[in-house]
Every structure is written in structure tokens, then in C-alpha cells.
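These notes are about the structure you will find just below.
The values are calculated or read from the model by the stated rules, or taken from the named source; none is laboratory data. As the structure is a computational prediction, the values presented were derived from the model and not from experiment. Virtual Cβ from ideal backbone geometry, glycine too; neighbours counted across all protein chains shown.
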Amino acid sequence: MPDEKTSQAVRFLTEIALNKRTTAVLTSNQAPDDGARFVQGADGRRIAYSEFGAMDGPPVIYCHGFPSSRREAMLLHANAVATGTRLIAPDRPGYGDSDHASERTMIGWSDDIALLADCLRLERFAMLGVSGGGPYALACAANMPGRISACSLVCPLGPIYHDELLNQMSWAARASLMMGRQPSWFGDILLGGPTTSMLQGWPNLVEGMRSIAAAPADRQVLAQGDNSAILNRTIADAMRNGAQGARRDLILYAHDWQIAFSDIQVSINIWHGQADGTAPVEHARWYAKHLPDATLVELPGEGHYSVPLLYGQQILMNLHQNQF
């Protein structure tokens, strides 16, 4: 049960969010440079990243969803500019322009983030994990608490290796995510050359699938500006090079993440729409119950895409407030 201080924080954040719902629409003439920059580890593997928002602002490292790429953070560029946020978005290994790492682990992502932060000379920074990037932000919070000043999860995927959380998802999501429990040859068939080539060449084919579980609020924001076009481009990025990053993620999501949730020392703010048809709000409630210092803001009527797109300014401002 949350204590009175936590309950007050939840009420305060929810009131702020509901009263300050904003629409920051990115159009093509406002798009930032999303070209890849690189850092390289001792093993020679390269990590690609892009920066959005205000280059001289407080740093926030963005963990993209699944399947996606660093360009997903472009959806928050206008909000990052408005809040003075330096938004740094890396591609996970095997996605976009980052080199593949066939044996990577979820907790090992914190080593890549530490390398990126060292190269950018960031001593401390905030983490923002969206959807399938939520677990990766938590992995960093668990493994490098001394460097993370604040952490927010937006519509996060829960630990679906617990069947009760997996079973709360739609049949389509369950079928997709459970590919990670199948033999490798099964993934080769479903995510083999023809499929990835088709989705890379025509990523707009995913729009129909995206709308299956979309709440009305999601359909409304996806029809605005370049939002759908940006998401389509991230699909093309994810399918590049045989979808190696996505295939590894499927395996990692479906098995124990090796994250000790009860030991995480960083304060975690969670923002989740009650009408989310992709990652059910029950996943956020599970985190709120199992993380020692978590604040959950549930937003009535909001879906999987409307929360980051309509509440991005509030989410980023809240990260800033918790950084100091």
C-alpha cells in the first residue's frame, strides 16, 4: 500500500497532467538532424545515437520501444525544446545503425549507456524508457544508481516472463512476444529475409497493426503531423540487417530479466494510460507494487501513444524537478 506522501505525489502529478495536456506536433519543416553519431567500445562495437531538443539542457537518455530505433525520440523533440531538455537517444544493438551483439543481455545495456555517457562527459543524467524501452531504463537504474539522477517509465512493458502479465495483453501482442520462447528456426521463418525486407521497404504496412489495439486518443494523435511517418521510419530502422535487434529483444523479454526490482534505489515515476491496448495498465501497477520507490500516474482515456505525445512536456519537466 502506498504511504500518504506517495499518495499525495500521485494526486499532484495526475492533477498537473490532466490540467496541462498539451499537443506538440512535429512537422517536416521542424525536424531536427537525426543522423547517426557513434561511440565505440573496447571490443570495436559501435553504438549509434542522435540528440534532440536543447543541446545545452539537462541530459535525459531515451530508451526506445520495440521494434523501433533512436528516431522514435524525434516524437518528443518539440517537447524537449519547450522544456530545455537535451534528449539523447541511442539505438540498442542490432537496431538502426548500432552494431549487433548476439549475446547481449538486458542488464548489460547499462554498460552501453555508461560508455555513451562517458564519451559525452555526462557524470549524471536522467533515464526515460518508453514502452519496450522501459525494462532497459530499469536495468540502468538497477545497475548504475549512482549516475542516474531520475528515471521515468512511459507506458512500460512489464516483465512478461510472468504469465499473469503476459495474459493481460491482447492475443496479437502475446503471439508476437512469445516468439522469444520458440526455437531459433521459428524466428528465422517469421522474421526471415522476406518479412524484414517487406517491412523495411513498406513500413506503413504496420499502421494497420498499430491501430488494432489503439485507443481513440491514440488514433487522434497518430493522425497529427508527422507522428505516424516517424513511427514508420523506426520500423524500417528496426527491420534493417535482418531485424537482429528485434529478434534478440524477443528472447530477452520472454525470459527472466535478472533485474532485482526490490533493490532498485532510484525513484521511478511511471506514466500510463488506462486505455492502453498495447501494454496494459496492469503492467504499470505491477511495477508500482514491486519497486520500492515508485509513483504511478494513471491517465484516464489515454492510450499507448497519446501519453508520450500529449504529456511529454509534463514528463520531461518532472524528470528535471527530480534531477536536483
Reported set for the stretch 78-113 where residues are more than 15 Å from the chain's Cα centre (by Cα) and over 23 Å from ILE251 (Cβ atoms) is ALA78, ASN79, ALA80, VAL81, ALA82, THR83, GLY84, THR85, ARG86
Listed by range, helices (runs of 4 or more DSSP H) wholly within the stretch 222-324 having at least 3 residues that are free of Cβ contacts under 8 Å to residues at least 60 places away in the same chain are 227-254, 281-290
Note on ALA215: of the conditions (1) at pLDDT below 95; (2) more than 29 Å from PRO59 (Cβ to Cβ); (3) surrounded by fewer than 19 Cβ atoms within 10 Å (Cβ to Cβ); (4) over 18 Å from the mean Cα position of the chain (by Cα), unmet is (3)
Picking from GLU51, GLU15, the residue that is within 24 Å of ALA284 (Cβ to Cβ) and either modelled with pLDDT under 55 or among the acidic types (Asp, Glu) (or both) would be GLU15
Going through the stretch 241-256 in order, the residues found to be over 18 Å from ALA175 (Cβ atoms) and surrounded by 19 or more Cβ atoms within 10 Å (Cβ to Cβ) are GLN244, GLY245, ARG248
Does the stretch 144-161 contain at least one residue that is at pLDDT 85 or above and among the charged types (D, E, K, R)?
-> yes
Checked pairs for the stretch 156-170, first surrounded by fewer than 19 Cβ atoms within 10 Å (Cβ to Cβ), second polar (S, T, N, Q) and not in a helix (DSSP H, G or I), C-beta under 8 Å and 6 or more apart or across chains, list as SER170/THR278
In the stretch 223-235, residues that are under 17 Å from the mean Cα position of the chain (by Cα) and either under 24 Å from ALA275 (Cα atoms) or modelled with pLDDT under 90 (or both) total 7
When the stretch 95-113 is checked residue by residue, the ones that are buried (at least 23 other Cβ atoms within 10 Å of the Cβ) and touching an Asp or Glu at 6+ places or on another chain (Cβ under 8 Å) are TYR95, GLY96, SER98
(1) at pLDDT 95 or above; (2) farther than 20 Å from GLU302 by Cβ all hold for PRO2 apart from (1)
